[in-house]
Amino acid sequence: MINIAIPKGSLQNQTLQLFAQAGLEIRRTEREYNARIDDPRVGKVKILRPQEIPSYVARGYFDLGISGTDWVMESGADVVTVAELDYGKQGPGKVKVVVAVPEAQKAESARDVTPGSRISTEYPRITKKFFDGLGIPVEVENSFGATEAKVPELADAVVDLTETGSTLVKNGLKIVDVILESTSELIANKASWADPEKREEIQAIETMLFAVTRARGKVLIALNVPEDRIEEVIALLPSMKRPTVSKLYNSGYYAVQSVVDRSGINLLIPLLKKAGAEDIIEVAISKIVP
């Protein structure tokens, strides 16, 4: 049985949705930070700040946790990354930890930051390591939020997390460098990962979660095709491996199925119909287990 730490804050809603879609619904108890999952493989479930989760997992308080790449690196926690789940506050994708300076500065990259500059950030460890690597001495000052508002009175530049950069721009800042890209990670305690029984349970949870993330943005398309048009239709169909093709009983038709990107389905269906496909059906996919 494994214990799991779930992130609160910006990753919370996406995490709750992911677990629910994976058939591992997280149910809150009467205490706000305690939860449960009705699964025999899962024991304690705790909802904590993502900043804390890597360290708690590394120290063995939890076997498994979800946090961002940024907080795994900032904490320096020695954990196993089981999988990248590839979602953030707004949904699928990655965010960036960036260096930003006042728009008026002529700096084009972090190498142009003036030695001795005050850098405000929620990532002091990452920031110091980055500027040390550039050989630029800076004063790293820990920020507890609203980092972009510290310039110019309290800081000369910032290292901050951003999805679009719009908040930085609104505060008169421009991005001059990207330190790292961050996404949600499923992380495990090293001792738990080395334990065969717990590792099997961890991998079972990962299979269900990854099946959901893999299915996002995909649909199943099914269609019937006359025998004399099958090659033309197959040539149009992208697929994960190869389309599934079967002969329809007592007819001159084939049934074809394929998994395709939802984003291009509006262009694909008219092309398939023009190529001779009939009875086209688009079906939503909840999970894909490779």
State, in angstrom, two size descriptors of segment 218-284 derived from its alpha carbons: Rg to one decimal place and Dmax to the nearest whole number. 11.0, 35
What distance in nm separates the two pseudo spin-label positions at residue 142 and residue 78, each 7 Å out from Cα along the beta-carbon direction? 2.3 nm
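Which loop chymotrypsin sites (Phe, Trp or Tyr not before Pro) in segment 214-261, with loop taken from DSSP, have no more than 13 other Cβ atoms within 10 angstrom of their Cβ?
Working: sites: 249, 253, 254; in loops: 249.
Sites meeting the loop and neighbour criteria: 249.
If R₀ is 45 angstrom, what is the calculated FRET efficiency for the pair residue 86 and residue 114, using the beta carbon separation as r and rounding to 0.05? Walk me through the intermediate numbers first.
Working: r = 37 Å, r/R0 = 0.81.
Computed FRET efficiency for residue 86 and residue 114: 0.80.
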So what is the orientation-averaged projected area of segment 95-181, using the convex hull of its C-alpha atoms, in nm²? 4.8 nm²
When 123, 56, 33 are ordered from fewest to most other Cβ atoms inside 10 Å of their Cβ, what list results? 33, 56, 123
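Under the 0.36 nm per residue contour assumption, what length would be gained going from the current alpha-carbon distance of residue 134 and residue 12 to full extension? If you can, show how the numbers build up before the last one.
Values: separation 122, 0.36 × 122 = 43.92 nm, distance 3.50 nm.
Result: 40.4 nm gained on full extension.
So how much slack lies between residue 246 and residue 34, counting 0.36 nm per residue of separation and subtracting their Cα-Cα distance, in nm?
Contour length minus Cα-Cα distance gives 71.3 nm.
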Pulled fully out, how much extra length does the chain show between residue 283 and residue 20, if you take 0.36 nm times their separation in residues and subtract their Cα-Cα distance? 92.7 nm
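Taking loop as defined by DSSP and a crowding limit of 12 other beta carbons within 10 Å, which GluC sites (Glu not before Pro) in segment 1-100 fit?
30, 32
Across the chain, where is the longest run that never hits trypsin sites (Lys or Arg not before Pro) in a DSSP loop with at most 13 other C-beta atoms within 10 Å? Could you put the intermediate results ahead of the total?
Working: sites that count: 31, 59, 106, 241.
Longest gap between qualifying sites, sites excluded: 107-240.
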Choice from 100, 222, 235 with maximal GNM fluctuation in the chain (Cα, 10 Å cutoff): 235
Residues of type lysines that residue 150 reaches as a straight line, Cα spacing below 28 Å, ignoring anything fewer than 8 places off in the same chain: 8, 89, 94, 96, 106, 128, 129, 170, 174
Here the residues of segment 1-25 lying in the modelled label zone of residue 197, meaning backbone nitrogen under 12 Å from a point 7 Å along Cα-to-Cβ, are 1-2
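Values quoted throughout were computed directly from the atomic coordinates according to the rules given, and no laboratory measurement underlies them. Small disclaimer: the values here were computed from a predicted structure and weren't measured. Using ideal geometry, Cβ is built from the backbone for each residue, glycine included, and neighbour counts are taken over all protein chains shown.
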